[in-house]
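Colleague: Could you have a look at this structure, given as structure tokens, before my questions?
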Amino acid sequence: MNKKISYYVGNQALAFSDVYLLPAYSDIKSRHGGQIDTKTPIALGAPKLNIPIISAGMDTVTEDAMAETFALNGGLGEIHRNNTPEKQAELVTLVKERVRVMEKNPPTVAQSATIADALNLLEKRHRGYVIITPKENFTGDFIGIATSRDFKAASPDTSIAQVMTKLSRLVTVPQGTTLQKAFQIMRQRRIEKIPVINKSGKLIGVYTTKDYEFIQNHPNAVTDSQGRLIVGAAIGVQEIDIDRAHRLVRAGVDVLFLDIAHGHSIYTKTMLKRLKDKEKITTPIIVGNIASTEGVKMACDIGADGIKIGIGPGFVCKTRNVAGTGVPQITAILEARAALSRHKNPPPIIADGGIREPGDVPKAIAAGADSVMIGSLLAGTDQSPGDIIKIDGSLQKRIRGMASKGVFEDRKKIGETTTNSNLYTPEGRETFTPFQGSSQQFINEYVGGLRSAMSYAGVHSIPELQKAGLIHVSSSGANEQGRALS
């Protein structure tokens with residue numbers, strides 16, 4: 001592989017526009033084929049991603065819709081924390097409920113419930129059926145199933161037991177039946193749900209044709225051990241975040257982001273120790289943001305499962321303007337990787353901020369990142385929160401940094417901060433960004449750019465790309481292809 005550039009050129013730190021990936025001999029016949037593998041770790045103990053891209057934990061970027069889209073494509077979404085712990089946990093649950101190989105926690109109602117009770121439950125569970133149990137507490141015993149078709153058979157105040165399909169008439173499969181086999185049975189019997197029971201007749205799960213078809217249509221999706229989509233979520237360092245962390249873990253979150261502007265601080269150290277030692281949280285925890293060798297070493301020493309790198313490179317971040325603080329992103333990544341070079345099992349590095357075009361992703365990885373986090377670019381796509389509005393004839397969506405005045409005021413309302421508003425200096429801007437269309441198309445474009453870069457560099461995997469060469473270019477070199485024709 002080619003030798004890397006140094007962290008600095010002279011005394012100058014390097015940003016994305018200062019470097020190019022160096023082309024090398026390639027035996028890759030198709031950038032879309034199986035010779036290229038884009039799997040990568042995001043945190044120690046967390047499932048690997050199939051693409052090295054994460055949607056940022058910003059309230060104008062990632063809620064359940066964006067997180068679902070990324071997980072289905074092999075990435076990850078970080079649900080923002082500008083909401084109550086209860087609401088954030090609900091958003092995580094929505095992602096986890098989207099699809100699974102087998103539903104091991106099916107929606108249940110007692111036989112005394114009404115159709116209205118079942119419908120109220122399904123507003124949260126989104127499963128299209130309920131399992132009917134003899135008592136309120138579900139212990140595996142059940143007496144039937146009711147589906148969307150049954151709910152329409154009588155008035156809402158009708159007992160669910162009157163419209164359900166009784167257990168004696170149900171088609172079931174024994175524990176150990178594969179999803180493929182269950183689907184064949186459902187297709188033969190023209191049914192859409194099939195309970196799975198053990199030798200004692202207890203219900204252990206439900207297979208559905210919808211889940212099967214969804215899985216077949218998204219072969220690159222990243223799932224947990226139960227076949228559910230993976231999802232991440234942000235927490236802070238306030239007392240409310242202890243409750244937030246526990247709620248998120250109960251909801252099934254796969255990784256927590258201990259997400260504050262200056263991660264190289266006593267707040268990070270204190271909170272991480274409390275979560276792991278006192279609160280006994282075993283879910284992987286990524287800490288950030290950090291932009292120094294000492295900060296990376298501290299994160300590693302205190303047991304961070306992943307490290308988020310980047311202070312100030314983001315489009316809506318004003319830290320460099322307000323505080324005069326930061327490190328250009330390529331140098332920050334290079335230094336972070338060097339700081340971890342002697343560790344046998346170092347936490348993965350996430351490069352957060354500064355991505356402006358597809359070619360920046362492979363540059364970040366070649367500098368040493370395991371994955372990248374993207375925020376502002378995604379705020380203008382269809383799966384981000386917020387409405388599309390027309391301003392001066394063009395379609396726009398709102399975007400704001402998580403250190404903006406508006407976010408600060410929202411956090412005060414839910415008890416996230418007690419800082420006097422008059423003393424708060426925003427380090428994030430609030431603005432509008434052009435509507436970019438499909439989030440799916442965005443992912444396709446950026447993954448396509450990454451695979452193309454890997455082909456040019458002659459590398460087959462993310463670890464190989466991390467060893468590829470970068471060259472420093474002058475300002476003229478950076479813009480050579482943009483010169484006007486003579």
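Colleague: Run lengths n ≥ 4 of DSSP H only: what is the helix-derived mean residue ellipticity at 222 nm for the chain, with -39500 (n - 2.57) per run over all residues, to the nearest 500? Intermediate values should be presented prior to the final figure.
Modeller: Numbers: 18 runs with 153 residues, N = 486.
It comes out at -8500 deg cm²/dmol, rounded to the nearest 500.
Colleague: Binning at 5 Å from 0, report for segment 206-302 what percent of all alpha-carbon pair distances ends up in each bin.
Modeller: For segment 206-302, the binned pair fractions read 2, 12, 21, 19, 13, 11, 9, 6, 5, 2, 0 percent.
Colleague: For LEU49, list long-range residues whose amide hydrogen, built 1.01 Å from N in the peptide plane, is under 5 Å from its own amide hydrogen.
Modeller: THR40, ILE42
Colleague: Need the C-alpha centroid separation for segment 286-339 versus segment 28-73, integer Å.
Modeller: Spelled out, the Cα-based centre of one part sits 21 Å from the other.
Colleague: Counting only protein heavy atoms and a 1.4 Å probe, tell me what percentage of the chain's accessible area is made up of carbon and sulfur.
Modeller: Working: 11000 of 22590 Å².
Of all accessible area on the chain, carbon and sulfur atoms account for 49 percent.
Colleague: Right, another one. Per-residue HN-Hα couplings for segment 230-239, Karplus 6.51 cos²θ - 1.76 cosθ + 1.60 at θ = phi - 60°, whole Hz, x for Gly and Pro?
Modeller: Karplus-based 3J(HN,Hα) across segment 230-239 equals 8, 7, x, 8, 8, 10, x, 10, 8, 4 Hz.
Colleague: Now a separate question. Could you give me the ³J(HN,Hα) list for segment 78-83, computed from phi with Karplus coefficients 6.51, -1.76, 1.60 and θ = phi - 60°, whole Hz, x at Gly and Pro?
Modeller: For segment 78-83, the Karplus-derived couplings read 9, 5, 5, 10, 7, 6 Hz, x marking Gly and Pro.
Colleague: With each label point set 7 Å from Cα along the Cα-Cβ vector, what nm distance links ALA478 and LYS181?
Modeller: Reported label-point gap for ALA478 and LYS181 is 6.0 nm.
Colleague: Next up: Spin-label point model (7 Å from Cα, Cβ direction): what's the GLU213 to ALA338 distance in nm?
Modeller: Label-label distance for GLU213 and ALA338, simple model: 5.5 nm.
Colleague: Provide, for segment 1-145, the number of lysine pairs with alpha carbons under 27 Å apart, each pair being eight or more places apart or on different chains.
Modeller: Going through segment 1-145 pair by pair, I get 21.
Colleague: Among rounded, prolate and oblate, which fits the chain when a ≥ b ≥ c are the square roots of the eigenvalues of its C-alpha gyration tensor, a/c under 1.5 means rounded, and a/b larger than b/c means prolate?
Modeller: Values: a/c = 2.00, a/b = 1.66, b/c = 1.21.
The shape class here is prolate.
Colleague: With every protein chain kept in the model, how would you rank THR93, THR133, THR325 by accessible area, 1.4 Å probe, largest at the top? Intermediate results must be reported in sequence, preceding the final value.
Modeller: On the way: THR93 45, THR133 0, THR325 70 Å².
So the residues, ranked largest to smallest area, are THR325, THR93, THR133.
Colleague: Follow-up question, since we're still on this one. With angles folded into 0 to 90 degrees, how steeply does helix 85-97 sit against the dominant principal axis of the chain? Use alpha carbons for both and round to 10.
Modeller: Tilt relative to the chain: about 70 degrees.
Colleague: When the Karplus curve 6.51 cos²θ - 1.76 cosθ + 1.60 is applied with θ = phi - 60°, which whole-Hz ³J(HN,Hα) does each residue of segment 336-353 get, with x for Gly and Pro?
Modeller: Once rounded to whole Hz, the list reads 5, 5, 5, 5, 9, 4, 9, 7, 5, 9, x, x, x, 10, 10, 8, 10, x.
Colleague: OK, next. Going from the alpha-carbon gyration tensor of segment 315-402, what semi-axes, largest first and in whole Å, does one get by taking the root of 5 times each eigenvalue? Walk me through the numbers on the way to the answer.
Modeller: Working: eigenvalues 194, 48, 23 Å².
Computed over segment 315-402, the values are 31, 15, 11 Å.
Colleague: While we're looking at this one, here's another question. Once you put a point 7 Å from the Cα of TYR267 and another 7 Å from the Cα of ILE388, both along the Cβ direction, what distance in nm separates them?
Modeller: Going from the TYR267 label point to the ILE388 one covers 3.7 nm.
Colleague: Oh, and also: Roughly how many whole Å is it from the C-alpha centroid of segment 227-257 to that of segment 121-196?
Modeller: 31
Colleague: Label point 7 Å out from LYS135 along Cα-to-Cβ: which residues of segment 163-203 have amide N under 16 Å?
Modeller: Within reach of a label on LYS135, which here means backbone N under 16 Å from a point 7 Å along Cα→Cβ, segment 163-203 contributes 202-203.
Colleague: Continuing with this model, one more query. Taking Cα atoms, how many degrees apart are the long axis of helix 439-457 and the longest axis of the chain, rounded to 10 and kept between 0 and 90?
Modeller: 50
Colleague: Another question, then. Is the C-alpha gyration tensor of segment 81-130 telling us rounded, prolate or oblate? Criteria: a/c under 1.5 is rounded; beyond that, a/b larger than b/c is prolate, otherwise oblate.
Modeller: Details: a/c = 2.89, a/b = 1.52, b/c = 1.91.
In terms of gyration-tensor shape, oblate.
Colleague: Follow-up question, since we're still on this one. Quick one: work out the % antiparallel among DSSP beta bridges in the chain, nearest 5. Don't skip to the end; give the middle numbers.
Modeller: Details: 29 of 60 bridges.
That works out to approximately 50 percent antiparallel.
Colleague: If R0 is 35 Å, what FRET efficiency do you get for ALA323 and LYS280 from their C-beta distance, rounded to 0.05?
Modeller: Calculated value: 0.45.
Colleague: If amide hydrogens are placed 1.01 Å from N in the peptide plane, which non-local residues have theirs closer than 5 Å to the one on GLY288?
Modeller: The answer is LEU258, ILE260, LYS308.
Colleague: With r defined as the distance between the Cβ atoms of VAL171 and GLU90 and R0 fixed at 41 Å, what FRET efficiency is calculated, to the nearest 0.05?
Modeller: On the way: r = 33 Å, r/R0 = 0.81.
The formula returns an efficiency of 0.80 here.
Colleague: Can you classify segment 147-222 as rounded, prolate or oblate using the Cα gyration tensor, where a ≥ b ≥ c are the square roots of its eigenvalues, rounded means a/c under 1.5, and otherwise it's prolate if a/b beats b/c and oblate if not? Provide the component values of the computation, followed by the final result.
Modeller: On the way: a/c = 2.27, a/b = 1.43, b/c = 1.59.
Oblate, because a/c is 1.5 or more while a/b does not exceed b/c.
Colleague: For segment 85-182, what relative contact order do you get, as a whole percent, if you take Cα pairs closer than 8 Å and at least 6 residues apart? Provide the component values of the computation, followed by the final result.
Modeller: Details: 121 pairs, mean separation 25.0, N = 98.
Dividing the mean separation by the residue count of segment 85-182 yields 26 percent.
Colleague: Per residue, how much accessible area does the chain have with a 1.4 Å probe, in Å²? Intermediate results must be reported in sequence, preceding the final value.
Modeller: Details: 22590 Å² over 486 residues.
Per residue, the chain has 46 Å² of solvent-accessible surface.
Colleague: Wrap a convex hull around the Cα atoms of segment 6-138, take a quarter of its surface area, and give that in square nanometres.
Modeller: Details: hull surface 56.5 nm².
Its Cα hull, projected and averaged over all orientations, spans 14.1 nm².
Colleague: I've got another one for you. Quick check: the angle from helix 240-251's long axis to the longest principal axis of the chain, C-alpha only, nearest 10 degrees?
Modeller: Compared with the principal axis, the helix lies near 50 degrees.
The values are calculated or read from the model by the stated rules, or taken from the named source; none is laboratory data. Quick caveat, the model's predicted, so the values are computed rather than measured. Cβ atoms come from the backbone with ideal geometry, glycine included; neighbour counts cover every protein chain shown. Side chains included, ligands, DNA and RNA excluded: accessible areas come from the protein's heavy atoms. Shrake-Rupley method; radii C 1.70, N 1.55, O 1.52, S 1.80 Å.
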